[in-house]
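Laboratory data are not the source of any read-out in this text; all were calculated from the coordinates shown. Every value quoted in this text rests on a predicted model; they were computed, and no experiment measured them. Heads up, the Cβs are rebuilt from the backbone with ideal geometry, glycines too, and the neighbour counts pull from every protein chain shown.
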Amino acid sequence: MQELKEKILTDGEIIEPDILKVDSFINHQIDPKTYRSIAEELKRRFKDEKIDKILTIEASGIALGLALSYELNDIPVVFAKKGTSKTVNDDLYTSEVYSYTKGKRYIACVKKKYLNEGEHILLVDDFLADGNAMMGLVDMCQQAKCQIVGCGIIIEKGFQKGHQKLVDLGLKVESLAIIESFKNGNITFK
């Protein structure tokens, strides 16, 4: 998606050797035009899949899930909430997730009534790096015996392991902008 790549180059900010801030248009302030284009492209890439629900994780994935839901005729969006070990109970699917950006572990959880056996689930998120958030969503879908139709990602750090982890599970991964490297303060796309 050339439009997204250009937006990353003009408005994105490298704050550490391998951390990109896109909070001016993706995950703090939301640019509706950019999100509309992202949702249209993900719809195109998953057009042949049966999708019953979109599953994401709070907070940055919610806007993507909602934008894509509109494109897919208002299918439900479910988002995993972040909690603590005290969150775990019989009413929830839970998975421990490590946040690469924040450097800490948390429990992601979804109420069991929102993921049902046999449903076709599309996983979405704003970033894919080491794949920890996605792997947590995969885990909860497996607990619920849902069928994962694929993973839709806005920005992938192609130099990290997340993509391969998901592909090794047999999942379709569609990333709209894949960063090959951050060198000397510059972003190179794959």
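Are any residues in region 26-57 closer than 16 Å to ASP11 by Cα and free of Cβ contacts under 8 Å to residues at least 40 places away in the same chain, and if so, which ones? Selection gives HIS28, GLN29, ILE30, ASP31, PRO32, LYS33, THR34, TYR35.
If you go through region 4-17 and keep only what is under 13 Å from ILE178 (Cα atoms) and in contact (Cβ under 8 Å) with a residue 24 or more places away in the chain, you end up with LEU4, LYS5, ILE8, LEU9.
Counting only strands (runs of 3 or more DSSP E) that sit wholly inside region 1-92, not one has at least 1 residues that are on the phi > 0 side of the Ramachandran plot, within 18 Å of the chain's Cα centre (by Cα) and basic (Lys, Arg).
When each of LEU137, LEU122, LEU176 is tested for being outside any helix (DSSP H, G or I), touching a strand residue (DSSP E or B) at 6+ places or on another chain (Cβ under 6 Å) and within 28 Å of ASP90 (Cβ to Cβ), the lone residue that passes is LEU122.
Does region 111-132 include one or more residues that are among the hydrophobic types (A, V, I, L, M, F, W, C) and over 24 Å from LEU176 (Cβ atoms)? Yes.
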